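This report refers to the structure that appears directly beneath it.
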Amino acid sequence: MKKNVPKKILITGGAGFIGSHVVRRFVTRYSNYHIFNFDALTYAGNLENLKDIEQSTNYTFVKGDITDADFVNDLFARNRFDGLIHLAAESHVDRSIVDPLAFVRTNVFGTVNLLNASLQTFKENAGFLFYHISTDEVYGSLGKEGFFTEKTAYDPNSPYSASKASSDHFVRAYGETYKLPYIISNCSNNYGPNQFPEKLIPLFINNIIQNKALPVYGDGNYTRDWLFVKDHAKAIDLIFHQGKKGETYNVGGFNEWKNIELARLLCRLMDKKLDREAGTSEKLITFVKDRPGHDLRYAIDASKINQELGWEPSVTFEEGLELTIDWYFDNKEWLNNVTSGDYLEYYKKQYQV
Ligand code: NAD
Ligand code: DAU
């Protein structure tokens, strides 16, 4: 390849939460790349997430659906991509319980469409890499002790995690069968700016602002390992550039919180931010019916990416939460825009309000 021809990198799901941070990072750091953001703009995808970079000369947005094989094949035929970072997915566990097929369509069928199109690209460009972004939920649930490592057996429990596990298996199978170069990373729970307010942290921040109930599922003793989204984007950058082909990397924050303790922490931080008397927001905590098949605990052992690629989280949880809370305060219009329309109906049904 000529030195001055920019590399073409396709990022799917770039209008979503994590994807938008990855797109911004690549567009601003790599002027020698042209970044294509391929996104269907579902309820979770929003171009407002990328307003600051949309005029960049090394950025192109492509509206399209990864389940549409003709569209995908045509896009790949018109552009000889050098790499693909695949984030597009249905990502919310509660939705997967209501509509599993939507998850099979996008997460499994959509991924296989991308794999098929990539095979042709790989024939013409041996340097091509298929980098698949996955989740720690494929490993199932931990008890009180232990961590997920890259060797932990897959044991998914929700339709969401089953669909992600299936897509991981397909990626690996294309690597084995057709020698398609790939990498997979499995990350823990992300939080930060631009997260759709159906997930725990943004939902609770926004409900506290609006004095609405904070629905804690079951007894609240479920544990998650939280990572600031920009640290995940940094890990994705490192893995894409320096990861070993055919390998898996676990990414996590070594930052476990029981949901109820996290809810109380958010209430304390928000009371300060809103000049409310200490203890005010905690009164909003409401225990509600448990999520069916609720995984007890996730915790990632991130020592492989730490030792091999030198990655570690750059912000503490306190710093990350502060940045996140401030972002939601400063972006009320974004919030209004993303929560109007279809989402409002979903929210009312989900929480019976
Ligand atoms: P998100 O729901 O915020 O964004 C998903 C994006 O994909 C949206 O922009 C949406 O429009 C797009 N999309 C959905 N279906 C599509 C389709 N059929 N065709 C094209 N685009 C489509 O998701 P997120 O939280 O940013 O997660 C991104 C990826 O990271 C997912 O693959 C998810 O499984 C994985 N992941 C998420 C987390 C987390 O905590 N959020 C943790 C680990 C891994
Ligand atoms: O672990 C990585 C996964 O983290 C990602 O793959 C998923 O895309 C992402 O959505 C997230 O899944 P979780 O189910 O862990 O995230 P969620 O924010 O939905 O829930 C976090 C915890 O909080 C979980 O134990 C369920 C609980 N919960 C969630 C909501 C929305 C509540 O108690 N009340 C709520 O209203």
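The values are calculated or read from the model by the stated rules, or taken from the named source; none is laboratory data. Remember, it's a predicted structure, so these values are computed and weren't measured experimentally. Cβ coordinates were reconstructed from backbone atoms using ideal geometry, including for glycine residues, and neighbour counts include every protein chain displayed. Heavy atoms of the whole protein, side chains included, go into the accessibility calculation; ligands, DNA and RNA do not. Shrake-Rupley method; radii C 1.70, N 1.55, O 1.52, S 1.80 Å.
Can you list residue pairs whose Cβ atoms sit under 6 Å apart, with the first residue in the stretch 160-184 being buried (at least 19 other Cβ atoms within 10 Å of the Cβ) and the second being among the polar types (S, T, N, Q) and outside any helix (DSSP H, G or I)? Count only pairs 6 or more apart in sequence or on different chains.
Matching pairs, first to second residue: 164/134; 164/135; 168/134; 184/134; 184/248.
Yes or no: residue 67 without any contact (Cβ under 8 Å) to a residue 40 or more places away in the chain, out of contact with any Asp or Glu (no Cβ under 7 Å at 6 or more places or on another chain) and of a type in the set (Ser, Thr, Tyr)?
So residue 67 fails the test.
How many residues are part of a loop (DSSP other than H, G, I, E, B) and farther than 21 Å from residue 216 by Cα when one looks only at the stretch 266-280?
4
Suppose the filter is more than 16 Å from ligand 2 (Cβ to nearest atom) and either without any contact (Cβ under 8 Å) to a residue 60 or more places away in the chain or in contact with a strand residue (DSSP E or B) (Cβ under 6 Å, 6 or more places away or on another chain) (or both); does residue 336 pass it?
yes
Can you tell me which residue is nearest to residue 94 (Cα to Cα) among those in the stretch 207-248 that are open to solvent by 10 Å² or more (accessible area, probe 1.4 Å) and in contact with a His (Cβ under 8 Å, 6 or more places away or on another chain)?
Checked the stretch 207-248; the qualifying residue nearest to residue 94 (Cα to Cα) is 217.
Restricting to the stretch 134-146, name every residue that is within 16 Å of ligand 1 (Cβ to nearest atom) and in a loop (DSSP other than H, G, I, E, B).
Those that are within 16 Å of ligand 1 (Cβ to nearest atom) and in a loop (DSSP other than H, G, I, E, B): 140, 141.
Could you tell me whether the stretch 333-345 includes any residue that is open to solvent by 40 Å² or more (accessible area, probe 1.4 Å), at pLDDT below 95, part of a loop (DSSP other than H, G, I, E, B) and farther than 17 Å from residue 265 by Cβ?
There is at least one residue in the stretch 333-345 that is open to solvent by 40 Å² or more (accessible area, probe 1.4 Å), at pLDDT below 95, part of a loop (DSSP other than H, G, I, E, B) and farther than 17 Å from residue 265 by Cβ.
Please indicate, with yes or no, whether at least one residue in the stretch 204-211 is part of a helix (DSSP H, G or I), among the aromatic types (Phe, Trp, Tyr), touching a helix residue (DSSP H, G or I) at 6+ places or on another chain (Cβ under 9 Å) and away from ligand 1 (no atom under 13 Å from the Cβ).
Within the stretch 204-211, one or more residues are part of a helix (DSSP H, G or I), among the aromatic types (Phe, Trp, Tyr), touching a helix residue (DSSP H, G or I) at 6+ places or on another chain (Cβ under 9 Å) and away from ligand 1 (no atom under 13 Å from the Cβ).
Given the conditions (1) crowded, with 17+ Cβ neighbours inside 10 Å; (2) under 15 Å from residue 188 (Cα atoms); (3) β-branched (Val, Ile, Thr), report the number of the one that residue 108 does not fulfil.
Every condition holds for residue 108 apart from (2).
State which residue is most open to solvent (accessible area, probe 1.4 Å) when the search covers only the stretch 193-202 and only residues that are touching a Leu at 6+ places or on another chain (Cβ under 8 Å) and not in a loop (DSSP other than H, G, I, E, B).
Within the stretch 193-202, the match that is most open to solvent (accessible area, probe 1.4 Å) is 200.
Which of the residues spanning the stretch 81-105 are under 14 Å from the mean Cα position of the chain (by Cα), within 10 Å of ligand 2 (Cβ to nearest atom) and open to solvent by 20 Å² or more (accessible area, probe 1.4 Å)?
89, 90, 91, listed by residue number.
Here are some conditions: (1) of a type outside the set (S, T, N, Q); (2) open to solvent by less than 50 Å² (accessible area, probe 1.4 Å); (3) closer than 15 Å to residue 200 by Cα. Residue 251 meets all but one. Which one does it not meet?
Every listed condition holds for residue 251 apart from (3).
Identify, by number, the condition in (1) open to solvent by 20 Å² or more (accessible area, probe 1.4 Å); (2) in a loop (DSSP other than H, G, I, E, B); (3) in contact (Cβ under 8 Å) with a residue 40 or more places away in the chain that residue 295 doesn't meet.
Going through (1) open to solvent by 20 Å² or more (accessible area, probe 1.4 Å); (2) in a loop (DSSP other than H, G, I, E, B); (3) in contact (Cβ under 8 Å) with a residue 40 or more places away in the chain one by one, residue 295 breaks only (1).
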